[in-house]
1. List every residue pair whose Cβ atoms lie under 8 Å apart, where the two residues are 6 or more positions apart in sequence or sit on different chains, the first residue falls within the range 155-184 and is farther than 13 Å from Ser87 by Cα, and the second residue, located anywhere, is modelled with pLDDT under 95 and not in a loop (DSSP other than H, G, I, E, B).
2. How many of the residues in the range 8-45 are of a type in the set (Asp, Glu), at negative phi and exposed (fewer than 11 other Cβ atoms within 10 Å of the Cβ)?
3. Quick check on the range 72-83. Is at least one of its residues part of a loop (DSSP other than H, G, I, E, B), crowded, with 18+ Cβ neighbours inside 10 Å, more than 12 Å from the chain's Cα centre (by Cα) and not hydroxyl-bearing (Ser, Thr, Tyr)?
4. So Asn6 fits all but one of (1) within 19 Å of the chain's Cα centre (by Cα); (2) within 21 Å of Ala140 (Cα to Cα); what number is the exception?
Amino acid sequence: MNKFWNWVRNSDESRTLYLNGTIAEESWFDDDITPAAFKAELLAGEGDITVWINSPGGDCVAASQIYSMLMDYKGAVTVKIDGIAASAASVIAMAGTTVLMAPTALMMVHNPLTVAIGDTEEIQKAIAMLDEVKESIINAYEIKTGLSRARLSHLMDAETWLSAHKAVELGFADDLLFTAKEDPAPEPESYAFSRRAVTNRLLNKLPHTKTEQKQPAEPLYQRLNLLKF
């Protein structure tokens, strides 16, 4: 079992969970040991917990189960994002009773992906499966943010990167980890970066006769086995 999590018991008897790196190096699909081990460690204590996240994403099934376990947990769950919560990691973050982001942190949402081999019928089944997976992911975002499903779908289509301020503005996060103690300066403008939008704008500036279809840059998340998000 390759653990990607680490529990720490603090001096005040509270507990902190650290999720660093890829969420599950291997798929949790048909895995009875790893999910059970995570759940056993989660339920090994009581009281409120803090979850620190710095992850580019990973296995969709693992993210769904961790999200569900944290949502079902009896104590309060405070999620703190100190680096990045991208892809599947952003889904886990939605389980936080309170979600806090460092001013320098990022969150990224995008469509799920998989690898499919076969004839037309098999490819169509894969497309239908990805559509349903996307709907299930939107469920988590909708519960936390209150945004419409259409808006969330558009954000995922565009592979949207959110600054801490933009994540708070859209409801993906509740506040920043660190705030000014004295008279604060004007709040910086929040931003959301869409790789697809930037690519399209650059292509539109080129003469139509010379425009060539560009392949988008390889995304940060890894193309691991089975289904990744």
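1. Ser163/Ala192; Lys166/Ala192; Leu170/Ala192
2. Keep residues of the range 8-45 that are of a type in the set (Asp, Glu), which gives 12-13, 25-26, 30-32, 41.
Narrowing further to those that are at negative phi: 12, 25-26, 31-32, 41.
Those still in the list that are exposed (fewer than 11 other Cβ atoms within 10 Å of the Cβ) too: 12, 32.
Counting residues in the range 8-45 that are of a type in the set (Asp, Glu), at negative phi and exposed (fewer than 11 other Cβ atoms within 10 Å of the Cβ) gives 2.
3. Within the range 72-83, not a single residue is part of a loop (DSSP other than H, G, I, E, B), crowded, with 18+ Cβ neighbours inside 10 Å, more than 12 Å from the chain's Cα centre (by Cα) and not hydroxyl-bearing (Ser, Thr, Tyr).
4. So Asn6 meets the others, but not (2).
The values are calculated or read from the model by the stated rules, or taken from the named source; none is laboratory data. Note that the structure is a prediction, hence the values are computed from the model and not measured. Positions of Cβ are backbone-derived with ideal geometry, glycine not excepted, and every protein chain shown enters the neighbour counts.
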